[in-house]
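Notes follow the structure.
The values are calculated or read from the model by the stated rules, or taken from the named source; none is laboratory data. Note that the structure is predicted; figures quoted are calculated from it, not measured. All Cβ positions, glycine included, derive from the backbone under ideal geometry; neighbour counts span all protein chains shown. All accessible areas refer to the heavy atoms of the entire protein, side chains included, with ligands and DNA or RNA removed. Shrake-Rupley method; radii C 1.70, N 1.55, O 1.52, S 1.80 Å.
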Amino acid sequence: MKLRILVIEDDLSLGHFMQTVLEANGYQVITAQNGKLGYALITSYCPDAVILDLGLPDMDGMQLISQLREWSEIPVIVVSGRTRERDKVEALDAGADDYITKPFGTAELMARLRTALRHTGRGGSAKTSSTGGLLRVGGLTVDQERHIVAVDGEEVHLTQNEYKIVLLLARYAGRVLTYDFMKRELWGPMATDGNQILRVHMANIRRKIEKNPAEPQYIFTEIGVGYRMAETD
Ligand code: CA
């Protein structure tokens, strides 16, 4: 059974290109050139994921995400020409699962889509935690029952906050988490403003888990947006 992907994109040639790539990768694809039709198709066609352009002729894609998130957790990947950090943060915080800046490579699009589908919307976290056990990202493991992080089999001594940060990123491995999302998840809605505390923790974590903290292989910085852990296999 093929997974169904809805592509909402008013640029016909780009829409066609994505359709071709997706179909070549075994997905069933339907396209819409405006937000109204796209929204209607989400309800009638029940896609497994949506690829969404933000600059649509009849509405802003951001509006569509907000409306959709009131009742659906279907994965949404934003594909946009808007490159400002603020746009990425807004889209992710509004409920987009990922954000790709145009122009982009097909390998990148496919990888992000697979990640989003694997996490099936925002339920990813609960699903991983309920199974307990080990989360694995290359040589890095997080033992959720014993609260132990190891790299290449060697236990890494983390503070409680550092452990919480690594665990959160590992649960959403492959996905970019915004600073605000992380602070809320880690320390609750009353978490203080400013991202400095996260940066300090991250610097310490990297010193402990990365071979070369300047060229991380586990936790990547999305400048001005947040952090992303490498994809789990
Ligand atoms: Ca557009």
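Overview of values
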quantity: Enumeration of residues in the range 88-100 that are within 16 Å of the ligand (Cβ to nearest atom) and out of contact with any Phe, Trp or Tyr (no Cβ under 8 Å at 6 or more places or on another chain); calculated: 96, 99, 100
quantity: Unique residue being open to solvent by 40 Å² or more (accessible area, probe 1.4 Å) and more than 14 Å from the ligand (Cβ to nearest atom) when the list is 48, 60; calculated: 48
quantity: Test: residue in the range 66-73 that is part of a helix (DSSP H, G or I), buried (at least 17 other Cβ atoms within 10 Å of the Cβ) and free of Cβ contacts under 8 Å to residues at least 60 places away in the same chain; calculated: yes
quantity: Within the range 164-223, considering residues that are within 20 Å of residue 108 (Cα to Cα) and touching a Ser or Thr at 6+ places or on another chain (Cβ under 9 Å), the one most open to solvent (accessible area, probe 1.4 Å); calculated: 222
quantity: Only one of 85, 90 that is touching a helix residue (DSSP H, G or I) at 6+ places or on another chain (Cβ under 8 Å) and surrounded by fewer than 22 Cβ atoms within 10 Å (Cβ to Cβ); calculated: 90
quantity: Strands (runs of 3 or more DSSP E) contained in the range 102-181 and holding at least 3 residues closer than 22 Å to residue 203 by Cβ, under 18 Å from the mean Cα position of the chain (by Cα) and at pLDDT 90 or above; calculated: 176-178
quantity: Checklist (1) surrounded by 14 or more Cβ atoms within 10 Å (Cβ to Cβ); (2) without any contact (Cβ under 8 Å) to a residue 40 or more places away in the chain applied to residue 26, failing item; calculated: (1)
quantity: Scan of the range 132-163 for residues that are in contact with a helix residue (DSSP H, G or I) (Cβ under 6 Å, 6 or more places away or on another chain), open to solvent by 10 Å² or more (accessible area, probe 1.4 Å) and β-branched (Val, Ile, Thr), ordered by number; calculated: 151, 156
quantity: Pair list, Cβ under 7 Å, 6 or more apart: the range 143-169 residue at positive phi, other residue modelled with pLDDT of 95 or more; calculated: 147/163
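Residue-wise test of (1) within 12 Å of the ligand (Cβ to nearest atom); (2) open to solvent by 30 Å² or more (accessible area, probe 1.4 Å).
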| site | (1), (2) |
| --- | --- |
| 2 | no, yes |
| 5 | no, no |
| 15 | yes, no |
| 18 | no, no |
| 22 | no, no |
| 31 | no, yes |
| 35 | yes, no |
| 39 | no, yes |
| 44 | no, yes |
